[in-house]
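Scroll down for the structure; my scribbles are underneath it.
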Amino acid sequence: MSRMPSHVAFLRAVNLGGHRSAPRAELRGALEAAGFRQVDTFRASGNVVLTARGGERRIGQAIEETLAGRLGFSGVVYLRSARELRRLIDHAAGMRPAPAPGGKLQVAFLRASPSAPEREEVLRRSTDDDLLAFSDREMLWLRRQPAGRSALNLRALEKLIGPWTMRTMDTVTQIVVRYFD
């Protein structure tokens, strides 16, 4: 029986305007050549599922070095284990989008858990239309309308708690169902 993958690497700014594109096959090949196993990309190359051994810091650094050395891409990796993603889904279960068009639950993956004062400052900016919450190393943003209509200043939040990469909770759930269940 083959083992399931162990981690998801959420890559920041892959295939977005102004940033280097990383074709899926090229990305998979580079990571496999670097020793990662069961490498697959989900939807876009910014979501990489793989099997790796070692601590999170070592795995993340190895992925970043591979991206830079083999693909010429300087990117930040937000690594999560299958267990962490399951806990995130459980934690976010109470945050359901209102049935308004364009409403979605977004997840901002952070490198580190924000301090208590940073969390408090972010949560003060929460509104009924832009509800904010935290998991361990994730900020959850329930937007009840399309993102373009939000009054939330995401750049100001990023200055407070550090850089992130964002995905919808639907994408995170689909990754867990497809690769870890």
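The table below lists the values:
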item: Nonlocal amide H pairs with Phe134, under 5 Å, H built at 1.01 Å; result: Leu140
item: Gain in span if fully extended, Arg125 to His91, counting 0.36 nm per residue against the direct Cα distance; result: 10.2 nm
item: Rh (Kirkwood; distinct C-alpha pairs) - the chain, Å; result: 17.1
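Read-outs throughout are calculated quantities, based only on the coordinates presented, and are distinct from any laboratory measurement. Predicted model only: the values in this text are computed from it and were never measured.
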